[in-house]
1. Quick one: in region 1-32, of everything that is charged (D, E, K, R) and modelled with pLDDT of 95 or more, which residue is farthest from Val122 (Cα to Cα)?
2. With the checklist (1) in contact with a Pro (Cβ under 9 Å, 6 or more places away or on another chain); (2) farther than 16 Å from Arg19 by Cα in hand, flag the one item Arg100 doesn't pass.
3. Can you find, within region 11-31, the residue that is surrounded by the fewest Cβ atoms within 10 Å (Cβ to Cβ) among those that are outside any loop (DSSP other than H, G, I, E, B) and under 15 Å from the mean Cα position of the chain (by Cα)?
4. Mind checking which residues of region 66-84 are touching a strand residue (DSSP E or B) at 6+ places or on another chain (Cβ under 9 Å) and in a loop (DSSP other than H, G, I, E, B)?
5. State all residues of region 91-116 that are of a type in the set (A, V, I, L, M), under 18 Å from Ala57 (Cβ atoms) and open to solvent by less than 50 Å² (accessible area, probe 1.4 Å); if no residue qualifies, say none.
Amino acid sequence: QVQLVESGGRLVQAGGSLRLACAASGRTFSRNAMGWFRQAPGKEREFVAAISWNGDATYYSDSVKGRFTISRDNAKNTVYLQMNSLKPEDTAVYYCAARRLGWVGRTPGEYDYWGQGTQVTVSS
C-alpha cells in the first residue's frame, strides 16, 4: 500500500513559479513510477508528467513541455513538479499518482494509488 500527500499548491500570478511536492509512504516507492495529473472544473483528469522508478525516463504533456519539470528523490520518498511560466490555463487541482510498475504511464487508469490533490490557481 502506498499513501501519497501533495503540497505546495497556492494562488500565483501568471508568469510565476511553483514547486509541488508529493510525499509517499511505503517501502516500494523506489520501485514505483510516479505521475502528476490535473483536473480543472468541468474537465476530465489529464496527464501532466511522469517519471520512471529510477528517474531515467520522464514524459510530459505537450501543454507543459518546456515549462514543467518532474523529478524524484528516492531517499526522501518524494516526487516534485517544478512549474515555471505558469498560465491561467494551468489552474486545476493537481494530483500525484503512483504506479505499481516501474515504467511510466500516461493515463489515469495505469496508476494504482492517488493523493488527495492540491489546488493551483494562476491569476491573469
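1. Let us first name the residues in region 1-32 that are charged (D, E, K, R), namely 6, 10, 19, 27, 31.
Add one more test, that the residue is modelled with pLDDT of 95 or more, and what stays is 6, 10, 19.
Working: Glu6: 18, Arg10: 8, Arg19: 13 Å.
Among them, the one singled out is Glu6.
2. (1)
3. So the first thing to find is which residues in region 11-31 are outside any loop (DSSP other than H, G, I, E, B), and the list is 11-13, 18-24, 29-31.
Going one step further and asking which of them are under 15 Å from the mean Cα position of the chain (by Cα), we end up with 18-24, 29.
Values: Leu18: 20, Arg19: 13, Leu20: 23, Ala21: 17, Cys22: 25, Ala23: 16, Ala24: 23, Phe29: 22.
My answer is Arg19.
4. Gly66, Arg67, Lys76, Asn77, Asn84
5. Taking region 91-116 first, the residues of a type in the set (A, V, I, L, M) are 92-93, 97-98, 101, 104.
From the residues that got through so far, the ones that are under 18 Å from Ala57 (Cβ atoms) too are 97-98, 101, 104.
Ala97, Ala98, Val104, listed by residue number.
Condition check ((1) among the aromatic types (Phe, Trp, Tyr); (2) assigned to a loop (DSSP other than H, G, I, E, B); (3) open to solvent by 50 Å² or more (accessible area, probe 1.4 Å)) across all residues:
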site: Glu6; (1), (2), (3): no, no, no
site: Gly9; (1), (2), (3): no, yes, no
site: Asn54; (1), (2), (3): no, yes, yes
site: Val64; (1), (2), (3): no, yes, no
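The values are calculated or read from the model by the stated rules, or taken from the named source; none is laboratory data. Since the model is a prediction, treat every value here as computed from it, not as a measurement. Please note: Cβ atoms are built from the backbone with ideal geometry, for glycine as well, and neighbour counts cover all protein chains shown. The accessibility values were calculated without ligands, DNA or RNA, using every heavy atom of the protein model including side chains. Shrake-Rupley method; radii C 1.70, N 1.55, O 1.52, S 1.80 Å.
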